[in-house]
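Undergrad: This is the structure I want to talk about, given as structure tokens.
The values are calculated or read from the model by the stated rules, or taken from the named source; none is laboratory data. Every value quoted in this text rests on a predicted model; they were computed, and no experiment measured them. No Cβ is skipped: glycine too gets one built from the backbone with ideal geometry, and neighbour counts run over all protein chains shown. Keep in mind that these areas ignore ligands, DNA and RNA; they rest on the heavy atoms of the full protein, side chains included. Shrake-Rupley method; radii C 1.70, N 1.55, O 1.52, S 1.80 Å.
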Amino acid sequence: MVMWVFGYGSLISNAGFHYDERVVGFIKGYRRVFYQGSTDHRGTPEFPGRTVTLEPAEGEICWGAAYKISKKEDEEVALTYLEVREKQYDKKEYVDIFTDLKATTPAISGAMVYIASPDKKVNVNYLGPASVEEIARQIVQAEGPTGPNREYLFLLEKALLQIGSKDKHVIDLANEVRRILSEEH
């Protein structure tokens with residue numbers, strides 16, 4: 001049995017597990033948003049960072065990378081790793097991946113994706129929407145065991161540009177973070 005995992009954040013450039021194939025593609029009906037708090041990687045419980053999650057969005061698409069895992073032992077290792085890495089994401093969904101904007105049939109069906117839901121009862125780290133400036137200021141200030149929150153944002157921006165995706169939300173945030181940093185120095 002083959003397993004596919006779809007990454008739309010740091011997984012795009014850093015899977016962290018063994019895979020057999022990587023396919024750049026997109027999912028339909030979602031958009032990437034910096035609404036999830038990170039208290040374990042890019043922030044702390046006292047000052048959470050912000051990471052991306054998916055939000056349903058009619059007519060929109062979200063680019064990322066899908067990873068094919070063929071061997072049972074690789075699947076077990078990957079799932080164990082992902083359950084720790086993505087532990088603040090409370091939902092797993094199975095999505096179709098498309099590689100061609102004109103395609104009506106997915107290239108991959110049933111890829112697993114981690115999503116942080118907006119339900120504060122089950123996802124205590126959900127931060128929700130805020131202005132670009134507010135999110136950017138939080139990203140500038142937050143730092144966790146994995147490093148500064150702005151590094152996460154800049155790495156995501158670079159990874160998306162490398163796969164040919166210009167995500168307005170990510171680019172706007174990265175530019176605002178750069179503007180804030182330039183004022184501080």
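Undergrad: What about Val33, is it farther than 18 Å from Asp90 by Cβ, within 15 Å of the chain's Cα centre (by Cα) and at pLDDT 95 or above?
TA: On the way: farther than 18 Å from Asp90 by Cβ: no; within 15 Å of the chain's Cα centre (by Cα): yes; at pLDDT 95 or above: yes.
The answer is no for Val33.
Undergrad: With the structure loaded, tell me whether Lys120 is of a type in the set (Lys, Arg) and not in a strand (DSSP E or B) or whether it fails that test. Let's see the steps before the verdict.
TA: Working: of a type in the set (Lys, Arg): yes; not in a strand (DSSP E or B): yes.
Answer is yes for this residue.
Undergrad: Inside the stretch 21-47, can you point out the residues that are open to solvent by 20 Å² or more (accessible area, probe 1.4 Å), out of contact with any helix residue (DSSP H, G or I) (no Cβ under 8 Å at 6 or more places or on another chain) and within 27 Å of Ala107 (Cα to Cα)?
TA: Glu21, Arg22, Val23, Val24, Lys28, Gly29, Tyr30
Undergrad: Would you mention how many residues in the stretch 162-178 are part of a helix (DSSP H, G or I) and either under 17 Å from Gly49 (Cα atoms) or more than 15 Å from the chain's Cα centre (by Cα) (or both)? Break it down into steps so the answer makes sense when it comes.
TA: If we filter the stretch 162-178 for residues that are part of a helix (DSSP H, G or I), which is where we start, we get 162, 168-178.
Remaining after also requiring either under 17 Å from Gly49 (Cα atoms) or more than 15 Å from the chain's Cα centre (by Cα) (or both): 162, 169-170, 172-178.
Qualifying residue count for the region: 10.
Undergrad: Are there any pairs, at least 6 apart or on different chains, whose C-beta atoms fall under 6 Å, with the first in the stretch 50-68 and among the charged types (D, E, K, R) and the second open to solvent by 10 Å² or more (accessible area, probe 1.4 Å) and assigned to a strand (DSSP E or B), and if so, which?
TA: Glu55/Arg31; Glu60/Arg31; Lys68/Trp4; Lys68/Glu21
Undergrad: Taking the condition of being open to solvent by 20 Å² or more (accessible area, probe 1.4 Å) and either over 16 Å from the mean Cα position of the chain (by Cα) or free of Cβ contacts under 8 Å to residues at least 12 places away in the same chain (or both), how many residues in the stretch 129-145 meet it?
TA: Within the stretch 129-145, the first condition is being open to solvent by 20 Å² or more (accessible area, probe 1.4 Å), and the residues that meet it are 129-134, 137-138, 141, 143, 145.
Applying the additional criterion that residues be either over 16 Å from the mean Cα position of the chain (by Cα) or free of Cβ contacts under 8 Å to residues at least 12 places away in the same chain (or both) yields 130-134, 137-138, 141, 143, 145.
Final tally of qualifying residues: 10.
Undergrad: For the stretch 23-50, how many residues are part of a strand (DSSP E or B) and either within 18 Å of Val5 (Cα to Cα) or among the charged types (D, E, K, R) (or both)? Give the steps one after another, and end with the answer.
TA: Just the residues of the stretch 23-50 that are part of a strand (DSSP E or B), to begin with: 23-38, 49-50.
Then keep just the ones that are either within 18 Å of Val5 (Cα to Cα) or among the charged types (D, E, K, R) (or both); that gives 23-32, 50.
Counting residues in the stretch 23-50 that are part of a strand (DSSP E or B) and either within 18 Å of Val5 (Cα to Cα) or among the charged types (D, E, K, R) (or both) gives 11.
Undergrad: Scan the stretch 51-70 for residues that are open to solvent by 30 Å² or more (accessible area, probe 1.4 Å) and not in a loop (DSSP other than H, G, I, E, B) and jot them down. Lay out the reasoning, then the answer.
TA: Of the stretch 51-70, the ones open to solvent by 30 Å² or more (accessible area, probe 1.4 Å) are 55-56, 58-61, 63, 68, 70.
Answer for the stretch 51-70, where residues must be open to solvent by 30 Å² or more (accessible area, probe 1.4 Å) and not in a loop (DSSP other than H, G, I, E, B): Glu55, Pro56, Glu58, Gly59, Glu60, Ile61, Trp63, Lys68.
Undergrad: While we're here: (1) in contact with a strand residue (DSSP E or B) (Cβ under 7 Å, 6 or more places away or on another chain); (2) within 23 Å of Ala15 (Cα to Cα): which one isn't true of Leu155, the others all being true?
TA: (1)
Undergrad: Do the conditions hold for Tyr114, that is, is it touching a strand residue (DSSP E or B) at 6+ places or on another chain (Cβ under 7 Å), assigned to a strand (DSSP E or B) and either aliphatic (A, V, I, L, M) or open to solvent by less than 50 Å² (accessible area, probe 1.4 Å) (or both)? Break it down into steps so the answer makes sense when it comes.
TA: Values: touching a strand residue (DSSP E or B) at 6+ places or on another chain (Cβ under 7 Å): yes; assigned to a strand (DSSP E or B): yes; either aliphatic (A, V, I, L, M) or open to solvent by less than 50 Å² (accessible area, probe 1.4 Å) (or both): yes.
Considered against the rule, which asks whether it is touching a strand residue (DSSP E or B) at 6+ places or on another chain (Cβ under 7 Å), assigned to a strand (DSSP E or B) and either aliphatic (A, V, I, L, M) or open to solvent by less than 50 Å² (accessible area, probe 1.4 Å) (or both), Tyr114 comes out as yes.
Undergrad: Something else: Mind counting the residues in the stretch 146-162 that are open to solvent by 30 Å² or more (accessible area, probe 1.4 Å) and either among the charged types (D, E, K, R) or modelled with pLDDT of 95 or more (or both)?
TA: So the answer is 8.
Undergrad: Going residue by residue through the stretch 116-135, is there one that turns out to be modelled with pLDDT of 95 or more and charged (D, E, K, R)?
TA: Within the stretch 116-135, one or more residues are modelled with pLDDT of 95 or more and charged (D, E, K, R).
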